[in-house]
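Peer 1: The structure's right below; bear with me while I get my questions together.
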Amino acid sequence: MQALVKMAAGPGLELRDVPRPTMGINDVLVRVLRTGICGTDLHIESWDPWAARTIKPPLVIGHEFVGEIVEVGANVSDFQPGDLVSGEGHVVCGRCRHCLAGRRHLCPHTIGLGVGRHGAFAEFVALPMTNIWHHWPGVDPEVAAIFDPFGNAVHTALAFPTLAEDVLISGAGPIGLMATAIARFTGARHVVVSEPNAYRRALALQMGATVAIDPRERKLSDVFEELDMVEGFDVAMEMSGDARALRDAIGSMAHGGGVAILGLPTAEISLDVNEIVMKMLTLRGIYGREMYETWYKMTVMLRSGLDIKPAITHRFPFTEHAAAFDAARSGESGKVIMDWTT
Ligand code: NAD
Ligand code: ZN
């Protein structure tokens, strides 16, 4: 099969002919239809310090996908060839305290698809049946392809109640863009998006942001008066990984507010803890998706009218992977999709 492979330590990716993944009795083999490019894939492609520490080549990369089941292991009875599915990219141990208690998103032994095991940027991918999510008939295949990052957005956006609240989203990358639509859908009063990139600010407005500001030009508190906000934000979603964005968010919260932190900083961040204490803020880290409550909420919200499609801006056949990666890296994009059927 054709697959996008990190062949050796160092920058670059190669489209290679590799054997189909082997599968065990509990596994499902999926013919990949479409995939989404994640920041993780860009890190692996460019071979940054995180990738150099983490990735053991040769490795088929990629974890955001939708596909059709072609084969199931002998133990698998819930799925059949022909089913349209996506995969939860975190393969958990199943045996630790958290897994046994049904808190699989907290498993400390998680192995990432396309990170610690062969991934989905390929014509076929194999996963344990417990990592497979069955789609409903008629699901938009492009939306289905990005259930993984959509799940990050939903997990973050549902961390604190948003009904009638004023919400800050810092970082309008693909995940911040989806979170904007979710916050709207879940009844926020105002959704203020902070993002230095003008292309992405325009997309944020399309996704339902009340206002999208450039944090280099305006302070967050500048919008309070025009939005009839008394004190500050009730809920913040940090989706940039940027130190200043997190500090600005904390500095503009109302007392008792909740800050959900999804963005992954590349270095330590110092914070004014007095501000967190005196305002009695709750800071909550968000990793991955809850298995499978987040997936359930994602499905039901989409089927009830939530529209995340405008966050998808570019499509390429997998043979044009270099152009697809360039588009994802450029910042002049939302989510970039690769088509594995052409
Ligand atoms: P992205 O890099 O495409 O988007 C981040 C955005 O933040 C960019 O558009 C950038 O311009 C913007 N930004 C930079 N500095 C800013 C500032 N000071 N204020 C406001 N915005 C600023 O990333 P993405 O794919 O949308 O992912 C969002 C974040 O979530 C990333 O940090 C990513 O590493 C992280 N992530 C975490 C998880 C998890 O499980 N915790 C999963 C996926 C991604
Ligand atoms: Zn576990």
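The values are calculated or read from the model by the stated rules, or taken from the named source; none is laboratory data. This is a predicted model, so every value here is computed, not measured. Glycine also receives a Cβ, built like all others from the backbone with ideal geometry; neighbour counts cover every protein chain displayed.
Peer 1: Take the conditions more than 16 Å from ligand 2 (Cβ to nearest atom) and surrounded by fewer than 24 Cβ atoms within 10 Å (Cβ to Cβ) and apply them to residue 195. Does it pass?
Peer 2: In short, no.
Peer 1: If you don't mind, there's one more thing I want to ask. Might you let me know whether the range 117-135 holds any residue that is more than 25 Å from residue 5 (Cβ to Cβ), touching a Phe, Trp or Tyr at 6+ places or on another chain (Cβ under 8 Å) and within 16 Å of ligand 1 (Cβ to nearest atom)?
Peer 2: no
Peer 1: A further question follows. Please find, among 119, 114, 87, 94, the residue that is near ligand 2 (Cβ under 8 Å from one of its atoms) and more than 12 Å from residue 290 (Cα to Cα).
Peer 2: 94
Peer 1: So residue 213 fits all but one of (1) buried (at least 17 other Cβ atoms within 10 Å of the Cβ); (2) touching a residue at least 60 places away in the same chain (Cβ under 8 Å); what number is the exception?
Peer 2: (2)
Peer 1: Here's a follow-up. Restricting the first residue to the range 105-133 and requiring it to be polar (S, T, N, Q), which pairs with a second residue that is more than 16 Å from ligand 2 (Cβ to nearest atom) meet a Cβ separation below 9 Å and a spacing of at least six or different chains?
Peer 2: 131/28; 131/87
Peer 1: Kindly establish whether residue 256 is within 26 Å of residue 300 (Cβ to Cβ) and more than 16 Å from ligand 2 (Cβ to nearest atom).
Peer 2: no
Peer 1: Hey, among the residues in the range 165-179 that are touching a Phe, Trp or Tyr at 6+ places or on another chain (Cβ under 7 Å) and of a type in the set (A, V, I, L, M, F, W, C), which one's nearest to ligand 2 (Cβ to nearest atom)?
Peer 2: That would be 178.
Peer 1: Kindly evaluate residue 200 against the criterion of being of a type in the set (Lys, Arg) and within 23 Å of residue 219 (Cα to Cα).
Peer 2: Criteria met by residue 200.
Peer 1: Say we look at the range 102-124 and pick out the residues that are in a strand (DSSP E or B) and within 19 Å of the chain's Cα centre (by Cα); which of these is farthest from residue 44 (Cα to Cα)?
Peer 2: Only one residue fits best here, namely 111.
Peer 1: So which of 92, 70, 76 ends up being more than 16 Å from ligand 1 (Cβ to nearest atom), crowded, with 18+ Cβ neighbours inside 10 Å, of a type in the set (A, V, I, L, M, F, W, C) and assigned by TED's automatic domain parsing to the domain that holds residue 36?
Peer 2: 76
Peer 1: Quick one: which of 208, 171 is touching a helix residue (DSSP H, G or I) at 6+ places or on another chain (Cβ under 8 Å) and crowded, with 22+ Cβ neighbours inside 10 Å?
Peer 2: Exactly one residue qualifies, and that residue is 171.
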